[in-house]
Amino acid sequence: MRAEKNRPHGWRTKIAAGLVAAATLFTGFAHAGPTLDKIKQRGTIKVGVGTSPGFFAPDGSGKWQGFFVEFGRALAITVFNDPDKVEFTSSSPQQRLPALQSGEFDILLSGVTVTITRAFKLGFHFGPTIFYDGQGLLVNKSLGVTKGSDLDGATIGVQSGTTGELNIADFFRKSDHKFTPVTIEDSNEFLKALESGRVDALTQDASDLALRRTLLKNPDDYILLPERLSKEPLAPAIAAGDDRWLEIVNWTVNATIQAEEFGITKDNIDTFLTSEDPAIKRFLGTDPSLGEAIGLDPKFAYNIVKTLGNYGEIFERTIGKGSPVGFERGYNQPWTQGGLLYSPPFR
């Protein structure tokens, strides 16, 4: 009682007001924001993608397939529990960011590199990195070069509207070499410039160049140099202003990564439903308290993995060694296996 007498006048009122304000803050966060409102009213998620087989491309029947496409379907599962409630639209590197700013897309899953200027100057928010890449150089073997610095004085093609323009300029500036850039906007002209001899080399994300090399008339005449000129963490991008939507993106991606760390796959997931591990029970929703607390279906992670598989399964069937693309996992492995993939805890 004495402690209460010594408190400032009206302290109960101030504490009560503070609690109400905090409750309002968290209640508001639990409700849909402007992007999520539009998505739910529309009944589908609008996703901007690119056009690179393995990452994103329509199949013979017109259905979109690929690594990034699968994460669009995962989002549709989180929001609607239906992987098909998503619309994919191809957008060029020059068009994709303005289209996101204008609200044409709810999210970009087109291999966007996370940069500080895109975050601060353009006002984009990024989800977790889902593919760790780096800029490479594709050259004709007849040049006899083995590293980028051998291209002193070369003419190099770079696609406009990408981070590649700055990266290649920085690379040559640091090595005190010179080059002549040829900016190419039309992606269809990119390979033609190399095959015709208009440029000596092409520079772009190494993953993209590896895919493009397979489309050349004589792929074995060309080589992707081993060095990487930059860090290119590719992540989902959304417009600022909807924290709820951002967190849905974050934890949808994290669910696929955490599932692989747990050893949970599309085929064995049901055997984990009887696990007594509290972390797995929260993750799969057999303990529904976590999902209820955050306002999502407690089984959203279960539904994603049961339908699409974990991160490793998505990677392997779309761009991994068993696919036509044939990528090694490299940095895109769980941290427990020496990679960079790491999910925050589901608690």
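The values are calculated or read from the model by the stated rules, or taken from the named source; none is laboratory data. Quantities reported herein were computed from a predicted structural model and do not represent experimental measurements. Counting neighbours? That spans all protein chains shown, and the Cβs are built from the backbone with ideal geometry, glycine included. These accessible areas exclude ligands, DNA and RNA; they are computed on the full protein's heavy atoms, side chains included. Shrake-Rupley method; radii C 1.70, N 1.55, O 1.52, S 1.80 Å.
List every residue pair whose Cβ atoms sit under 6 Å apart, with the two residues 6 or more apart in sequence or on different chains, where the first one lies in segment 53-79 and is at negative phi and in contact (Cβ under 8 Å) with a residue 40 or more places away in the chain and the second, anywhere, is hydroxyl-bearing (Ser, Thr, Tyr) and open to solvent by less than 10 Å² (accessible area, probe 1.4 Å).
Listed by first residue and then by second, the contacts come to Ala74/Thr252; Leu75/Thr252; Thr78/Thr252.
For segment 152-186, name all the residues that are open to solvent by 40 Å² or more (accessible area, probe 1.4 Å) and either of a type in the set (A, V, I, L, M) or in a helix (DSSP H, G or I) (or both).
Within segment 152-186, Glu165, Leu166, Asp170, Arg173, Lys174 qualify.
Residue under question is Leu109, and the condition is that it be out of contact with any helix residue (DSSP H, G or I) (no Cβ under 9 Å at 6 or more places or on another chain) and open to solvent by less than 30 Å² (accessible area, probe 1.4 Å); does it hold? Write out each step before concluding.
On the way: out of contact with any helix residue (DSSP H, G or I) (no Cβ under 9 Å at 6 or more places or on another chain): no; open to solvent by less than 30 Å² (accessible area, probe 1.4 Å): yes.
So Leu109 does not fit the description; no.
What number of residues within segment 308-347 are under 19 Å from the mean Cα position of the chain (by Cα) and part of a helix (DSSP H, G or I)?
Total meeting the criteria: 10.
Which of the residues that make up segment 223-236 are over 23 Å from the mean Cα position of the chain (by Cα) and open to solvent by less than 30 Å² (accessible area, probe 1.4 Å)?
Leu225
Exactly one condition in (1) open to solvent by less than 60 Å² (accessible area, probe 1.4 Å); (2) in contact (Cβ under 8 Å) with a residue 40 or more places away in the chain is false for Lys266; which is it?
(1)
For segment 306-347, name all the residues that are crowded, with 17+ Cβ neighbours inside 10 Å and among the hydrophobic types (A, V, I, L, M, F, W, C).
Leu308, Ile314, Phe315, Ile319, Val325, Phe327, Leu341, Phe346
Taking segment 189-202 as the region of interest, how many residues are buried (at least 20 other Cβ atoms within 10 Å of the Cβ) and either touching a residue at least 40 places away in the same chain (Cβ under 8 Å) or at positive phi (or both)?
5
Residue-by-condition table, conditions (1) more than 20 Å from Glu313 (Cβ to Cβ); (2) among the polar types (S, T, N, Q); (3) part of a helix (DSSP H, G or I):
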{"position": "Lys217", "(1), (2), (3)": "yes, no, no"}
{"position": "Pro236", "(1), (2), (3)": "no, no, no"}
{"position": "Leu246", "(1), (2), (3)": "yes, no, yes"}
{"position": "Ala259", "(1), (2), (3)": "no, no, yes"}
{"position": "Asp267", "(1), (2), (3)": "no, no, no"}
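Scan segment 291-305 for residues that are assigned to a helix (DSSP H, G or I) and either surrounded by fewer than 18 Cβ atoms within 10 Å (Cβ to Cβ) or touching a Gly at 6+ places or on another chain (Cβ under 6 Å) (or both) and jot them down.
Initially, segment 291-305 is screened for residues assigned to a helix (DSSP H, G or I), giving 291-294, 300-305.
Residues satisfying the conditions are Gly291, Glu292, Ala293, Ile294, Tyr302.
Could you tell me which of the residues Asp220, Asp205 is closer than 28 Å to Phe71 by Cβ, touching a helix residue (DSSP H, G or I) at 6+ places or on another chain (Cβ under 9 Å), open to solvent by 10 Å² or more (accessible area, probe 1.4 Å) and of a type outside the set (Phe, Trp, Tyr)?
Every option except Asp205 fails the conditions.
What residue, of Pro98, Pro93, is surrounded by fewer than 24 Cβ atoms within 10 Å (Cβ to Cβ) and modelled with pLDDT of 90 or more?
Numbers: Pro93 fails: modelled with pLDDT of 90 or more.
On inspection, the qualifying residue turns out to be Pro98.
For segment 107-127, how many residues are out of contact with any Gly (no Cβ under 9 Å at 6 or more places or on another chain) and either closer than 23 Å to Lys40 by Cα or without any contact (Cβ under 8 Å) to a residue 60 or more places away in the chain (or both)?
Number of matching residues: 10.
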